[in-house]
Amino acid sequence: MPFRFAPLGAILLGLALLSTTGGCKQSTTSSDAPSDSSAEATAQRTIPVSSVELVDSFGNALDRFGRADLPSATDSAMLRRWTDSLYTKGQSLQREAPDEARKHFQHALRASRVLSDSTGSARYSGAIGETYRLESRFDRALDHYREALRISRALNNRAGIARSLNRIGTVHKDQGRYEEALVQYRESLQIGREVGDRESVAAALNNIGNVHESQGRYEKALARYRESLQIERDLGDREDAAMSSRNIGILRFRRGQYDEALLRAQKSLEIQRELENQKRIARSLNLVAGIQLRKGQHNQALARYREALQINRDLGDQGGVALNLTNMAIINGKQGQHENALSRFKKGLQVYREIGKRRSIARTLNNVAATLKKLGRSGEVLARYRESLRLYREMGDQNGVATALNNIGAVYRTNGRYKEALARYRESLQIKRELSDRHGIAKSLTGIAKTHEDQGRHGEALTRYREAFKIRQEVENRPGVAASLSSIGTAHLEAGRLRAATDTLRRAVRLADELRLSATSPDARRSLLSTQIGTYRALTTAHVRSGRPESALRSVEQARARLLADRLAGTATGDTALAPPSTTELRQTLGPDEAALLYANTRSEWPLTALVVTRDTTVARTLPDTTARIAIGTEYRARLKRLRREDGPLAAGTGSVGATAVTT
C-alpha cells in the first residue's frame, strides 16, 4: 500500500481550496500540498460542493488511511492544520446546528487519533460532548466528557482536567443533580487556583453560583458571582464581566429586586452592544424584557423581545427564535390574548422539535398545557403535561420531572382526583428535597396543603402551609411569604378559627400592600393587587363570620379603593392613606324598604352570603336561594329592591362570605 498518502493529500488540498475560495472551485496551490501533479488534478476533480460533503469526504479518507501511510511531515502538518479548521468550523455551528457541528468534531477526533495527538483527542471529545449536552442528550454528553477527562488525567493536563470537570458539573446541574455538580465544580476550582489559572477560577465560581441560585441559596450565590466578577474585571475581560453582572441581575430578579436587576441587565446589554456580540446582545435583551415583563411593562418587554427575535433570525439561531416566540406568547397570556399565546407557543414548540432541543420542548409543552387550561380545553391539558414528564425522565432532568409532577398534581386536584394529586405532589417533594431546591420544596408543600384543604383536612393543610411559610421566610421570598400567610389565614377560616384567621390575613394584607407600593409601575401594582384580592375576600369573610359587618365593609371598600387608585394610571404614588368610601350618602338615598348589596360571594361550596347596607345599618345575611348569586359589576353599588324583612331577618354577622372578584 505504498501510494495511499497521495489521495489523502488530495483531500487535504481540496479542503484548502474550499476554505480559501469560500466554496468555489479555483485553480490555486498550497505550499503544504503534494507536488505530484496527478494528486493535484485528483483534488481538483474531487472537491465536494458543500460543507457536509466536504467533511464526509475527509472522514472517508481517514477511514482508508492510517498513520503508517503518512510518510512525510508535510502530510502530517497539513492534517493537523485542517483538523484545527474542522474544530473551528464546528464551534461556529455548535449552537445552531449541533448535529452538523458534531460531524466536524468527530472527524477532527479521528484525525487526532491518526496523528496520535492525545491532547487534541481530549479537546475534540469534549467538544462532541458539548453538542450532545446542547441537545439534552446527557448520557452521551457525559460519556464524551469523561473520556476527555480520562485523557487529560493520563497526560496530567491540569487545565484540561479542570475544563472537563466543569463540563461534567454542568451536565449534573442541567439534570438538577446539584450536589453532584458542586463536587465537580469545586474540584475544578481547586485545580484552577493551584495552577494560577484565573480564567478557570472565575468560570468555576460562576458555575458554583449558578447551583446555589438554583437551590435558593441566594447569599452564597451572590458571593460567588461577585468574586467571579472581580477576577474578570482584574483580567480586563469585559465580555465575561458583563455576563457575571448579568447573572447578578438575574439573582436580583429572582429575589424580587426588579429595579436593581434591570439596571444590571441594561448595563450588560450596553457592554455587549459596544463589543458587537450579537448573540449575547440577544440574550441580554431577553433578560431586560423578562424583568420588564415582571414589572408589568408589557409594551417595553415586547419591543425588546422583537429586537432579540430579529437578531436571532439574522444569525440563523433557530433556538433563539423559538425562545423569543415563546417569551412573546407569555406576554400575550398576561394580556389575556390566550389564542395568540397558544399560536406562538405552538410555533416555538415546532422549531424546538425540528432542532431537537428536548428540554425546551418539555418546557414549552408545560406552557401549552397551561394556556389550554385557560382556554377551557381541559381535555388536552393532561396529555401535554405527561409528554413533558416523559421527556424530562428520558433526559434525567430531575428538576424538570418535579415541575411536571407538580403540574399533573394540580390537574388531578382540580378534577377532584385527590389521591392521585397527593401522589404526584409527594413524588415532586421528594425530588426537590434530594435536590435541596428550597423554592421547589415550598411549592410542592403548598400543593399538598391545598389538596388537604380541598378535602376538609384543615389541620394537615395548616402543617404543610406553615412548612412552606418557614422556607419562604428563610430564602427571603417576600411574595411567597405573603401568599403563604394568605393560605394559612384561609385554612384557619375554613377550620372556624376566626381570631387566628383575622390576624393572619391582616398580616398578609399588610405585606402585600408593602410589596405593591414598592413596585415601580402601575402595571406591576395592578398585577400584585390582582393576587391580593383573594386575601381581601377571605378577610371580609372572617369579619362577617365574627359578627363584625362594619369591619367586613371596611375590607371590601379598602380593596375597591386600591383598585380605583391603581386604575388611575400614573396618578397613584401611594395608597396606604386612602380612606374607604363613606356609606353615609348611600344610606341617604335608600328608602325604608330598600338595601344596597355591596358584596356577595360566588364560591359555590359556601353558603351565599351578602353584605348589605340598609338605611340604618350594615348587615350580613345568608340568602335562601343559593342559585341567586349576584355578580357585582363595575358600578359602585347594586340595588336590591324588595329585600323585605318578611323574607327572613337580617342577622348581623351570620352566614359566610366567600371568594369573589371585587371590582370598582
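The values are calculated or read from the model by the stated rules, or taken from the named source; none is laboratory data. Bear in mind the structure is a predicted one, so any value in this text is a computation, not a measurement. Because the Cβ atoms are built from the backbone with ideal geometry, glycine has one as well, and the counts that use them run over all protein chains shown. In case anyone asks, the SASA skips ligands and DNA or RNA and just uses the protein heavy atoms, side chains included. Shrake-Rupley method; radii C 1.70, N 1.55, O 1.52, S 1.80 Å.
A few comments on the model shown:
- Residues in the stretch 111-250 average 40 Å² of solvent-accessible surface per residue, probe 1.4 Å, ligands and nucleic acids excluded.
- Sequence of Asp240, Asp437 from largest to smallest accessible area, 1.4 Å probe: Asp240, Asp437
- Over 32 Å between alpha carbons, listed pairs Lys173/Lys347; Lys295/Lys419; Lys295/Lys450; Lys373/Lys419: Lys295/Lys419
- The stretch 137-185-the stretch 377-408 distance, computed between alpha-carbon centres (Å): 28
- Packing, taken as the mean count of other beta carbons within 10 Å per residue, orders the peptides 224-234, 378-388, 158-168 from highest to lowest as 158-168, 224-234, 378-388.
- Taking only protein heavy atoms and a 1.4 Å probe, the accessible area of the stretch 131-251 is 41% carbon and sulfur.
- Residue order by solvent-accessible surface for Glu96, Glu219 is Glu219, Glu96, largest first, with ligands and nucleic acids left out and a 1.4 Å probe.
- Difference of contour (0.36 nm per residue) and Cα-Cα distance, Gln350 to Ser116: 79.9 nm
- Linear extension gain, Arg306 paired with Glu274, 0.36 nm per residue minus alpha-carbon span: 9.5 nm
- In plain terms, the chain from Asp454 to Glu219 could stretch by 81.0 nm, reckoned as 0.36 nm per residue minus the Cα-Cα distance.
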